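The values are calculated or read from the model by the stated rules, or taken from the named source; none is laboratory data. Treat the numbers as computed from the prediction; the structure is a model and nothing was measured. With ideal geometry, Cβ positions are generated from the backbone for all residues, glycine too; neighbour counts draw on all protein chains shown. The area values use the complete protein model at the heavy-atom level, side chains included, leaving out ligands, DNA and RNA. Shrake-Rupley method; radii C 1.70, N 1.55, O 1.52, S 1.80 Å.
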Amino acid sequence: MKEHAHKHYHASMLGVEEALSRILEPFHTLEIEDKSLLNSLGQVLAEDILSNINVPPWPNSAMDGYALQFNSIEKATSESPIFLKVIGNAAAGYMPKERVVPGTAIRIMTGAPIPQGADTVIPFEDTDEEQRKTDGDSLKEIGIKITAPKGACIRAAAEDISIGETVLKKGQTLRSGEIGVIASLGLKTVKVIRRPLIGILATGDELIEPGNPMMPGKIYNSNTYSIASATLKYGGIPKILGIAKDNLDSMNHGLKEGLKTDLLLTTAGVSKGDYDMVKDVLANHGEIDFWSVRMRPAKPLAFGILKGDKGGDVPHIGLPGNPVSALVAFEQFARPAIYKMMGKTKLSKPTIKAILEDPIENVDGRRVYARAIVTKKKGKYYAKLTGDQSSGVLTSMARANGLAICPESIKTIKVGSFVDVQMLDWIEEE
C-alpha cells in the first residue's frame with residue numbers, strides 16, 4: 001500500500017480536467033429525504049411536483065376597487081361619471097355573499113374573490129371615492145369615471161397553475177421562488193437529494209485554533225474555517241474534525257472520524273516537502289494517489305478512497321496546506337464533487353469574459369488562477385488582480401470575487417486583453 005502511494009506521487013503532472021475527471025468518477029447522487037420547505041433551500045428536487053389545485057382557486061381582484069358589470073359603465077367618463085349603488089364589500093379571504101346586478105357594484109380588495117355577476121373591476125383612483133370621503137358624502141353610491149375593457153383587473157382562476165399541471169421538474173435546485181410555488185400548492189414537505197456530510201481535517205504541528213493565544217512557531221488554523229464555510233455555501237454539511245498533529249495516533253484518529261462522512265477533505269501533508277508520515281498514514285487507510293496538477297496555485301493534490309473497517313468506503317481529497325491553494329483546489333475539485341452528490345447536473349461555475357486591468361504572468365506553463373475583482377462599467381466587465389498572488393496571501397482570496405484564468409500555453413495576458421474569469425461570487429450591478 002505504501003508503495004502504491006509513492007509510485008503515483010512521482011508521476012507526471014495531471015491536467016486540471018483529467019484530475020477532475022478522476023475525482024468525480026467514484027461519486028454518485030446521494031439518497032432521497034423528506035425535508036420541510038424552509039430547510040430544503042438549495043437542495044435538488046427528487047420528484048416532479050404536480051398540482052392538485054388551481055392557483056388561484058377562483059377569479060380574484062388584481063386591484064383595490066369596485067367589482068361591477070361592464071355593461072353598467074360602458075359610457076362612463078371623468079366629465080360624465082356613471083353612478084352605481086354599492087351593495088356590499090368583498091375582502092380577501094372571504095367569499096362575497098351579494099350578487100352584482102346591472103346598476104350595482106361591490107367594493108372589493110386585492111385578492112378577494114370576484115362576486116357573482118361581476119365581470120370587471122375598476123380601481124379606486126378611477127372613481128369619486130376619495131372626493132366623497134373628503135366631502136363627507138355617503139359611500140352607498142359610487143361614481144365611476146372611466147370605462148374599461150370587460151374583464152379588466154381580474155385574475156382568472158388557474159391563471160398561474162392548473163390542476164394536474166407539472167409545476168416543477170425533478171432535478172431542479174430549490175430557490176426561494178420554487179419553495180414559494182410548492183407552498184402555494186399546500187405542500188409542507190418535499191422530496192430532495194440529501195446534503196453530503198463533509199469531514200474537514202487540518203494537519204500539522206504548527207496549527208493552533210483561533211481563540212488561543214499565539215505561540216512561537218505556530219499559526220492559526222484558517223483552512224478549516226475557509227473550507228467549512230465554502231462547504232456550507234455550496235450545500236454540504238461540514239463536520240469539523242479538528243487538527244491532526246504530525247503523529248500516528250492523531251492522524252489515525254482523524255481519519256477514522258473521517259470515515260463517518262460522505263467525503264473527507266484534509267489540508268496539508270500532500271506536497272513533496274511534507275513528512276512522509278502523512279502520506280504513509282493515508283496510504284495505510286486506503287488507495288490514495290498523490291498528484292501534481294498543472295495549475296497555480298494548488299499544484300499538490302491527493303485523491304483516493306479510504307477503506308472503512310466494516311465496509312463503507314469514503315472518498316478523500318487532500319487539499320494543499322497553503323491557504324489560497326486550499327481554497328482554489330476546493331473550488332476546482334471538491335465543490336464539483338459536492339454538487340454531484342447533491343444531484344446537480346451543472347457542475348461548473350459561471351465564467352465570463354472580462355477586460356484585464358493588470359497583466360497575468362505564467363512563468364512555468366501551468367494554468368494560472370489569478371485572484372481578481374470583477375466590476376462592470378458601461379456594460380463591460382473588467383478584472384483587476386487583488387495584489388500579491390502568493391499562495392500564502394489569504395487576503396488575495398478575501399478581496400476576490402473571481403479567478404482570472406491564464407491557460408497553460410500562454411505566457412502573458414496583457415492589460416486590455418480579454419480574460420476568462422471563473423466567478424466565485426456574482427457582482428452587484430452598478
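So here's what we get for this one:
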{"read-out": "Residues of the range 357-371 satisfying the condition of being over 27 Å from the mean Cα position of the chain (by Cα) and either part of a strand (DSSP E or B) or of a type outside the set (D, E, K, R) (or both)", "value": "PRO359, ILE360, GLU361, ASN362, VAL363, GLY365"}
{"read-out": "Boolean, ASP358 is among the acidic types (Asp, Glu) and either closer than 30 Å to ARG195 by Cβ or exposed (fewer than 14 other Cβ atoms within 10 Å of the Cβ) (or both)", "value": "no"}
{"read-out": "Verdict on LYS85 being open to solvent by 60 Å² or more (accessible area, probe 1.4 Å) and either in contact with a strand residue (DSSP E or B) (Cβ under 7 Å, 6 or more places away or on another chain) or of a type in the set (Ser, Thr, Tyr) (or both)", "value": "yes"}
{"read-out": "All positions within the range 210-228 that are of a type outside the set (Gly, Ala, Ser) and either in a loop (DSSP other than H, G, I, E, B) or free of Cβ contacts under 8 Å to residues at least 40 places away in the same chain (or both)", "value": "PRO210, ASN212, PRO213, MET214, MET215, PRO216, LYS218, ILE219, TYR220, ASN221, TYR225"}
{"read-out": "First in the range 323-343 and acidic (Asp, Glu), second anywhere and assigned to a helix (DSSP H, G or I), Cβ under 9 Å, 6 or more apart", "value": "GLU331/ALA230"}
{"read-out": "Any hit, the range 408-424, residues being open to solvent by 10 Å² or more (accessible area, probe 1.4 Å) and free of Cβ contacts under 8 Å to residues at least 24 places away in the same chain", "value": "no"}
{"read-out": "Among residues of the range 322-347, those that are open to solvent by 20 Å² or more (accessible area, probe 1.4 Å), closer than 18 Å to THR231 by Cβ and in a loop (DSSP other than H, G, I, E, B), counted", "value": "2"}
{"read-out": "Options ALA46, ALA62, ALA112, ALA92; residue that is touching a Cys at 6+ places or on another chain (Cβ under 9 Å) and closer than 30 Å to GLY164 by Cα", "value": "ALA62"}
{"read-out": "Single condition LYS239 does not satisfy, out of (1) closer than 27 Å to MET397 by Cβ; (2) open to solvent by less than 40 Å² (accessible area, probe 1.4 Å); (3) touching a residue at least 24 places away in the same chain (Cβ under 8 Å)", "value": "(2)"}
{"read-out": "Scan of the range 189-198 for residues that are assigned to a strand (DSSP E or B), open to solvent by 20 Å² or more (accessible area, probe 1.4 Å) and closer than 24 Å to LEU319 by Cβ, ordered by number", "value": "LEU197"}
{"read-out": "Among (1) open to solvent by 70 Å² or more (accessible area, probe 1.4 Å); (2) among the β-branched types (Val, Ile, Thr); (3) touching a residue at least 40 places away in the same chain (Cβ under 8 Å), the one test that THR173 misses", "value": "(1)"}
{"read-out": "The range 243-262, subset in contact with a helix residue (DSSP H, G or I) (Cβ under 7 Å, 6 or more places away or on another chain) and under 25 Å from GLY392 (Cα atoms), residue surrounded by the most Cβ atoms within 10 Å (Cβ to Cβ)", "value": "ALA244"}
{"read-out": "Criterion violated by VAL278 - all others in (1) over 23 Å from ILE338 (Cα atoms); (2) open to solvent by less than 20 Å² (accessible area, probe 1.4 Å); (3) not in a helix (DSSP H, G or I) satisfied", "value": "(3)"}
{"read-out": "Hits in the range 287-308 (condition: free of Cβ contacts under 8 Å to residues at least 40 places away in the same chain and buried (at least 22 other Cβ atoms within 10 Å of the Cβ))", "value": "PRO300, ALA302, GLY304"}
{"read-out": "Qualifying residue in the range 199-218 (condition: open to solvent by less than 20 Å² (accessible area, probe 1.4 Å) and of a type in the set (S, T, N, Q))", "value": "yes"}
{"read-out": "From the options SER80, SER36, SER138, residue that is loosely packed, with under 12 Cβ neighbours inside 10 Å, hydroxyl-bearing (Ser, Thr, Tyr) and at pLDDT below 95", "value": "SER138"}
{"read-out": "Filter pass, GLY269 being within 17 Å of GLY321 (Cβ to Cβ), modelled with pLDDT under 95 and in contact with a helix residue (DSSP H, G or I) (Cβ under 7 Å, 6 or more places away or on another chain)", "value": "yes"}
{"read-out": "Verdict on ARG371 being farther than 30 Å from HIS285 by Cβ and of a type outside the set (Gly, Ala, Ser)", "value": "yes"}
{"read-out": "Subset of the range 279-315 [closer than 28 Å to GLY365 by Cβ and in contact with a Gly (Cβ under 6 Å, 6 or more places away or on another chain)]", "value": "ILE288, ASP289, ARG294, ALA302, GLY304"}
{"read-out": "Filtered residues of the range 291-343 (kept if of a type in the set (Gly, Ala, Ser), closer than 18 Å to VAL368 by Cβ and more than 24 Å from the chain's Cα centre (by Cα))", "value": "SER292, ALA298"}
